[in-house]
Every structure is written in C-alpha cells, then in structure tokens.
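Everything below concerns the one structure shown next.
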C-alpha cells in the first residue's frame with residue numbers, strides 16, 4: 001500500500017527556502033502572500049498490506065531517516 | 001486562507017532523490033519498500049478569502065514559479 005510522509009519545518013524554526021519563495025512570488029507580482037513554508041513529501045510504495053503495520057513502518061522510517069525531528073515534524077497518510 | 005501545493009516528479013521522470021532514499025531505507029533494514037518518490041510541499045498563507053480565487057492564484061503561482069511543469073506535476077489543496 002501507499003504511504004505519504006509529509007515533512008515540514010517545525011513552527012518557530014527558520015525556513016529560508018520558504019522565505020526565498022515568498023520573496024520570489026512578491027517579485028512576480030503576487031500580492032497577499034503572508035507566509036510561505038517549504039517542506040518535503042515522500043511517497044512510499046510498501047509491500048505491507050495491513051494499514052496499522054504500514055502506518056507504523058512509515059512512521060519508523062520517518063523518525064529514523066526521512067525527517068530531522070529536531071527541526072522538522074512529519075505526518076504519515078496512507079492511501 | 002491556507003493553500004498547500006504538492007509537487008511531485010512526473011511518472012517516467014527519473015527521481016534520483018527518491019532512489020537514494022529507497023537505498024538508504026534498505027540499508028537501515030526496512031524491507032518491502034518497492035518504490036520511493038520524493039517531492040516538495042509548499043504551504044502558502046494567502047490573504048484571499050474566496051476559495052475559487054485562492055485556488056486559481058495558487059495554481060498560477062505553481063505554474064509560474066513553484067513547479068517545473070516539464071518534469072513535475074502539482075496539486076493544490078485549500079485548507
């Protein structure tokens with residue numbers, strides 16, 4: 001089954017990539033963009049068919065490799 | 001209102017970052033990971049309050065700056 005891990009910088013953590021995107025959008029004439037946060041999304045195709053086990057495996061992967069939990073939070077969705 | 005733009009490499013486009021993550025997961029002992037695709041997610045806080053206009057603005061931003069539509073596809077969700 002498919003798992004999607006979304007990784008975002010934690011609130012309060014500086015996000016220079018998001019800031020740069022915000023400035024670039026402003027430069028292109030887009031107004032009314034208050035805040036931009038840039039994160040990652042990783043889609044995993046897992047052999048596991050049990051949703052609970054797939055969720056647990058994806059969370060374990062996120063904690064151990066995909067996310068830096070000091071500065072990033074993650075969320076796992078199954079599809 | 002909040003808009004989330006999810007950007008993924010198109011099917012058939014090589015995804016070296018995803019491949020690298022797949023190999024690293026295997027190296028950590030995670031088995032049963034068939035495919036990994038790595039993409040970006042950009043959260044925008046928009047001043048616009050009309051959902052249709054916010055959706056259109058976010059799609060325009062994605063087309064003009066956030067995504068490289070030659071090799072990436074994008075999806076906008078409002079929250």
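Which of the residues belonging to the range A:7-49 are touching a residue at least 40 places away in the same chain (Cβ under 8 Å), more than 9 Å from chain B (Cβ to nearest Cβ) and under 14 Å from residue A:72 (Cα atoms)? Hits for the range A:7-49 are A:9, A:10, A:13. Evaluated against (1) within 16 Å of the chain's Cα centre (by Cα); (2) part of a helix (DSSP H, G or I); (3) within 11 Å of chain B (Cβ to nearest Cβ), residue A:55 falls short on exactly one condition, (3). Of the residues B:63, B:75, the single one that is touching a strand residue (DSSP E or B) at 6+ places or on another chain (Cβ under 9 Å) and more than 25 Å from residue A:61 (Cβ to Cβ) is B:63. Residue A:62 fails exactly one of the following numbered conditions: (1) within 23 Å of residue B:27 (Cα to Cα); (2) surrounded by 19 or more Cβ atoms within 10 Å (Cβ to Cβ); (3) in contact with a helix residue (DSSP H, G or I) (Cβ under 7 Å, 6 or more places away or on another chain). What is the number of that condition? The failed condition is (3). State whether one or more residues within the range B:38-46 are over 12 Å from the mean Cα position of the chain (by Cα) and surrounded by fewer than 12 Cβ atoms within 10 Å (Cβ to Cβ). Looking for residues that are over 12 Å from the mean Cα position of the chain (by Cα) and surrounded by fewer than 12 Cβ atoms within 10 Å (Cβ to Cβ), one finds none in the range B:38-46, hence no.
Exactly one condition in (1) more than 7 Å from chain A (Cβ to nearest Cβ); (2) over 16 Å from the mean Cα position of the chain (by Cα) is false for residue B:69; which is it? For residue B:69, the exception is condition (2).
Of the residues examined, residue A:79 is one that is at pLDDT below 95 and more than 7 Å from every other protein chain (Cβ to nearest Cβ). All of B:30, B:74 fail the test of being modelled with pLDDT of 95 or more, in contact with a helix residue (DSSP H, G or I) (Cβ under 8 Å, 6 or more places away or on another chain) and closer than 29 Å to residue A:27 by Cβ, apart from B:74.
The values are calculated or read from the model by the stated rules, or taken from the named source; none is laboratory data. Everything quoted here is computed from the prediction, not taken from an experiment. We place every Cβ from the backbone using ideal geometry, glycine too, and count neighbours over all the protein chains shown.
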